[in-house]
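Let me begin by presenting the structure, written as structure tokens, before commenting on it.
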Amino acid sequence: MYHGITAPFRCADLFSACQFSDFWIAFEELCSHPNLTAFSVAHALVHGAKAQFQLRKSILQVLSLTYKSASVKDVVLAALNLSKETELLQLVDPVKEIVDVVTDGKVIFHSRTENTKKVKVFQEKSIDFGVIKGLLSSSGQ
């Protein structure tokens with residue numbers, strides 16, 4: 001557990017690194033620590049419904065950049081610090097601009113350029129890879 005001034009920075013680092021499950025643990029530890037009265041605002045935030053909603057909405061936006069669809073059980077519930085799919089379903093209606101639908105154990109995000117990009121296959125036309133292979137083969141002998 002991080003104490004004092006480093007605890008909020010630890011939370012920020014975890015959030016920025018998209019380590020959302022660890023973020024929620026650190027954030028709740030920070031806010032429930034009895035000696036951290038200086039962080040009473042953070043305590044109010046973690047227990048405030050509006051603040052939790054905003055954090056979860058931000059996390060859903062990040063997930064939607066990465067995934068076209070994601071497993072409710074394996075990805076989304078843990079990232080949002082929720083324990084049941086019914087909690088997720090209550091959250092979905094206010095975030096319809098991010099989440100298209102929750103079905104068959106998956107969250108389907110709206111299509112975005114970030115989550116529908118095809119991996120580009122780069123081909124170098126001026127390099128003869130056969131020649132390189134031959135050079136590598138002959139140097140290994």
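The values are calculated or read from the model by the stated rules, or taken from the named source; none is laboratory data. On a predicted model such as this, the values are computed, not experimentally measured, just so you know. No Cβ is skipped: glycine too gets one built from the backbone with ideal geometry, and neighbour counts run over all protein chains shown.
Here are a few things to note about the model shown:
- Flag for SER111 being modelled with pLDDT under 90, surrounded by fewer than 10 Cβ atoms within 10 Å (Cβ to Cβ) and among the polar types (S, T, N, Q): no
- Subset of the range 51-96 [of a type in the set (Gly, Ala, Ser), closer than 15 Å to GLN19 by Cβ and crowded, with 19+ Cβ neighbours inside 10 Å]: ALA79
- THR103 being at pLDDT below 90 and not assigned by TED's automatic domain parsing to the domain that holds GLU28: no
- Positions within the range 1-20 being among the polar types (S, T, N, Q) and either surrounded by 15 or more Cβ atoms within 10 Å (Cβ to Cβ) or modelled with pLDDT under 90 (or both), in sequence order: THR6
- Residue count for the range 21-54 under the criterion of being more than 23 Å from the chain's Cα centre (by Cα) and modelled with pLDDT of 90 or more: the result is 0.
- Filter result (aliphatic (A, V, I, L, M) and part of a helix (DSSP H, G or I)) within the range 83-106: LEU88, LEU89, LEU91, VAL92, VAL95
- Given (1) under 14 Å from the mean Cα position of the chain (by Cα); (2) without any contact (Cβ under 8 Å) to a residue 40 or more places away in the chain, index of the condition VAL95 fails: (1)
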